[in-house]
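This report refers to the structure that appears directly beneath it.
Read the figures in this text as sums done on the coordinates, not as results from a lab. Just so it is clear, the model here is predicted, and its values are computed rather than measured. Every residue, glycine among them, receives a Cβ derived from its backbone with ideal geometry; neighbour counts consider all protein chains shown.
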Amino acid sequence: MVVPSRGRNKESPPLKPGQQQQHQQQSPGASPSRGRRPHSPGRQGSGGARAMRKGGGGRRGGRGDPRGPCREGPAANGERDVLGRGPLSLLRLCGDRLRVFVVDRKAFITKADSNIWLTVLLAVFAGVLHWCHITTLFENDRHFSHLSTLEREMAFRTEMGLYYSYFKIIIEAPSFWSGVCAIMNDKLTEYPLVINTLQRFNLYPEVVLASWYRIYITIMDFLGIPTKTCWTVNRGKGLSPVESCEGLGDPASFYVAVIFLLNGFMMSLFFIYGTYLSGSRLGGLVTVLCFFFNHGECTRVMWTPPLRESFSYPFLVMQMLLLTYILRIPSINTGSLIALCVSNIFFMLPWQFAQFVLLTQIASLFAVCIMGYIDSSKLQKILSAHMVSLLVCFILMFGNSMLLTSYYAASLVVISGILEWSPKVLKRRKREVYVWVIEGFAWLFGTITLKYLTSLVFGIADDAHIGNILKSKFIGYKDFDTLMYTCAAEFDFMEKETPVRYTRTLLLPVVLVVFGVIIKRAIKYILWSLSHTVRYEKEERFNHGELVFHALQLLAYSVLAILIMRLKLFLTPHLCIMASLVCSKQLFGWLFYKVQPKTLVFAILALMTIEGSANLRTQWNIMGEFSNLPQEELLEWIQVNTRQDAVFAGAMPTMASVKLSTLRPIVNHPHYEDAGLRARTKVVYSMYSRKPASQVKRDLMKLGVNYYILEESLCVSRKKPGCSMPEIWDVEDPANRGKIPLCTLMSKDSRPYFITVFENSNYRVLKIPKE
């Protein structure tokens with residue numbers, strides 16, 4: 001028999017035929033009640049009212065009938081008869097009820113487990129698919145498996161080579177800890193300075209991977225299992241053959257393989273994320289397919305594996321998933337906060353830019369809170385997890401002051417202060433719009449002020465260039481450091497073609513519809529809140545807090561991506577997550593009464609596939625093979641013809657390769673976030689200015705440089721107007737404007753200030769003679 005109970009259907013234990021008949025005989029005309037105790041016919045006469053008061057037949061359930069025990073549930077009278085018959089019947093009844101209870105619970109658990117396991121299985125499949133995809137693209141582009149060790153190292157250009165060099169140092173050191181000590185007391189990266197690279201460069205991924213590599217090699221050697229296969233590769237075109245090794249025993253192959261596995265795991269997280277946010281596995285499918293259809297806009301891990309975002313971004317996906325869970329549940333448990341804290345740490349440790357992303361996140365959470373979508377106590381707990389993770393990262397990075405003087409840290413303190421003091425200062429005014437404006441302005445002003453004061457107190461100017469980059473976007477500000485960033489395509493404004501590509505795959509139209517529905521409902525609930533609506537409406541509004549948060553986060557990512565094209569790697573995946581909400585019953589339940597959800601979703605995916613499959617074919621058709629013979633000649637010449645302690649200077653990407661492949665000291669490198677390093681780089685790049693050669697030589701000698709690697713392409717190349725190196729120097733050094741660039745003079749005749757000791761089609765090595 002099915003008994004309705006608070007909107008759910010519970011199946012009551014079946015009674016034996018004799019018991020059911022007996023109960024019906026005792027209670028003719030009785031109807032099933034909702035959880036009330038059945039009453040014997042003898043008590044439903046003239047004394048019925050008194051019996052109700054004594055017997056507790058109402059909802060509150062008062063005392064039982066003193067003449068006999070009262071039991072909850074159906075057939076209570078039948079149970080009394082059974083009790084009266086003897087212990088055997090009682091045992092049978094208990095056995096029947098226990099059996100039914102176990103069967104019902106087992107069926108429920110089995111169904112729940114099967115749903116969970118199906119979701120996990122589909123998530124694993126999505127992860128394996130993405131791993132195969134990016135591995136294939138990387139191999140097709142570089143032919144990485146057939147490159148020599150030197151060619152693989154050269155393939156890690158710019159900062160990628162710098163990061164990989166520390167992995168190489170640790171695995172080649174006599175022991176793991178001696179390798180870690182070597183990178184913590186590094187004398188090669190910024191000669192003659194000794195720096196702790198773990199503090200400066202977010203190198204924990206390399207430390208972890210190096211430990212795994214050493215453990216792997218040790219175990220395989222102990223078991224006698226070969227870890228790599230080597231052969232001679234004939235490169236043709238008059239080039240000498242090279243030895244190429246394939247397998248996880250090769251350091252570069254191991255390094256790249258772990259990165260690709262991590263980003264395969266990221267796709268599994270995306271499927272779970274989309275499924276959880278939308279409440280349907282169809283939402284997970286939409287997220288994954290949108291990511292694949294817009295793959296070139298979502299990630300660049302297949303082209304640049306060692307970049308910090310390759311290690312960091314998967315943990316942001318995990319963190320956002322945990323945050324969504326926390327926003328949905330009515331009360332936060334300790335385990336959720338610990339998980340959020342750990343994911344924050346894993347996101348921040350590998351990447352110096354993570355703090356700016358988390359700044360937008362807590363700003364979005366604060367906006368959701370002041371509008372009343374989440375409780376202030378919940379936000380305080382989330383902020384506490386952020387503060388703990390920030391402190392842990394500060395300790396693990398040996399007191400990196402940029403963390404404590406960041407806008408992110410300042411914002412955490414200011415929001416906590418507002419949540420603490422606003423109810424006391426603004427009593428009885430929490431539902432007025434101007435109060436929200438005051439709190440928002442207090443957050444903005446307080447964050448900027450506190451950030452400025454902490455930077456002033458600690459004497460930190462490492463992130464000053466970020467403010468200058470933003471100034472260049474709005475008011476056209478220019479200086480040497482700003483132009484070094486903005487002249488690179490990835491730091492320019494978003495391309496006009498990007499929204500067009502989003503539209504062709506239908507990603508942007510779908511997300512705009514979802515975003516519009518969320519904003520419409522948010523405004524409706526806000527208006528209800530301002531008009532002092534009833535309680536049940538408020539409760540309904542709270543259920544959509546995580547959706548409002550995702551909408552605000554989408555706005556923040558959009559602003560970042562429009563200003564700096566590189567940051568669309570946050571926007572595009574978030575668009576894919578938002579697209580999953582097209583399957584949400586919370587948003588489109590009214591539509592699903594008219595149209596089957598599966599029909600609607602598969603129709604949308606079919607239209608997406610038209611352009612999405614073309615994008616995938618374009619990626620699969622990319623075929624290439626890495627080769628950089630001029631740089632190979634340069635590096636081999638350095639290894640043979642210079643001393644191990646010879647100091648080099650030159651363009652930042654080239655310096656990373658010199659350090660990685662020759663282990664020679666360098667004075668500048670591509671990690672441009674340090675104020676002191678930016679000053680050094682300006683001195684080094686003065687070779688491309690119009691300054692006198694004598695002055696440039698004198699400045700280079702102060703840095704202890706023995707050899708300067710001149711690249712003529714930097715002297716003449718121009719990515720866009722005003723972005724050649726001489727033009728950048730014209731902004732910084734207008735006094736020498738109009739003179740012939742020094743790099744042009746050096747490419748013709750380097751004497752008497754420099755001596756040319758090596759030259760090929762791309763590079764010229766100038767030796768700096770001592771005076």
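For the listed residue pairs Lys381/Lys471; Lys520/Lys585; Lys473/Lys719; Lys697/Lys720; Lys524/Lys594; Lys187/Lys697, the alpha carbons are over 27 angstrom apart in Lys381/Lys471; Lys697/Lys720. Shown in residue order for the range 266-274 are the 3J(HN,Hα) couplings computed by the Karplus curve 6.51 cos²θ - 1.76 cosθ + 1.60 at θ = phi - 60°: 4, 5, 4, 4, 4, 5, 5, 4, x Hz (x for Gly and Pro).
In order along the range 575-580, phi translates into HN-Hα couplings of 4, 5, 5, 5, 5, 5 Hz, rounded to whole numbers, per the Karplus curve 6.51 cos²θ - 1.76 cosθ + 1.60 with θ = phi - 60° and x for Gly and Pro.
If you take all other residues with their beta carbon under 11 Å from the beta carbon of Ser253, and give Lys and Arg +1 and Asp and Glu -1, the sum is -1. Counted by Cβ distance under 11 Å from Glu153, the other residues give a net charge of +2, where Lys and Arg count +1 and Asp and Glu count -1. Per-residue Karplus couplings for the range 298-307, computed as 6.51 cos²θ - 1.76 cosθ + 1.60 with θ equal to phi - 60°, are listed in order as 8, 7, 10, 4, 6, 9, 9, x, x, 4 Hz, Gly and Pro entered as x. Extension gain for Phe125-Trp528 works out to 140.7 nm (0.36 nm per residue, less the C-alpha to C-alpha distance). Rounded to the nearest 0.05, the FRET efficiency derived from the C-beta distance between Asn760 and Phe493 at R0 = 22 Å is 0.05. The mean sequence distance of close C-alpha pairs (under 8 Å, at least 6 residues apart), as a share of the length of the range 629-767, puts its relative contact order at 26 percent. Each residue, Cys723 and Lys770, gets one label point 7 Å from its Cα in the Cβ direction; the gap between the two is 4.3 nm.
Across the range 688-771, counting alpha-carbon atoms alone, Rg and Dmax equal 12.8, 39 Å. Net length available on complete extension from Thr136 to Ala693 is 195.7 nm, with 0.36 nm assigned per residue and the Cα-Cα distance removed.
Overall shape: oblate for the range 275-620, with the ratio a/c of the largest to smallest alpha carbon gyration tensor axis at 1.5 or above and b/c at least equal to a/b. Modelled spin-label separation between Asn621 and Thr232, with each label point placed 7 Å from Cα along the Cα-to-Cβ direction: 3.9 nm. When peptides 653-659, 222-228, 263-269, 177-183 are ranked by their average number of other Cβ atoms within 10 Å per residue, the highest-first order is 653-659, 263-269, 177-183, 222-228.
Less than 5 angstrom separates the built amide H of Phe758 from those of Val765, all sequence-distant by 5 or more or on a different chain. For Trp177 and His146, what does the FRET efficiency come to when R0 = 35 Å and r is the distance between their Cβ atoms, rounded to the nearest 0.05? FRET efficiency, Trp177 to His146: 0.50.
Please work out whether the range 569-624 counts as rounded, prolate or oblate from its C-alpha gyration tensor, where a ≥ b ≥ c are the square roots of the eigenvalues and a/c under 1.5 means rounded, while otherwise a/b larger than b/c means prolate and anything else oblate? Oblate, since a/c reaches 1.5 and b/c is not below a/b. Here the residues Ser377, Ser686, ranked from fewest to most Cβ neighbours within 10 Å of their Cβ, fall in the order Ser377, Ser686. Footprinting exposure proxy ranking of Lys720, Lys748, fewest other C-beta atoms within 10 angstrom first, gives Lys748, Lys720. Once the Cβ-Cβ distance of Val640 and Thr218 is raised to the sixth power relative to R0 = 25 Å, the FRET efficiency obtained is 0.15. In terms of surrounding Cβ atoms within a 10 Å radius of their Cβ, Glu711, Glu771, Glu727 rank from fewest to most as Glu771, Glu727, Glu711.
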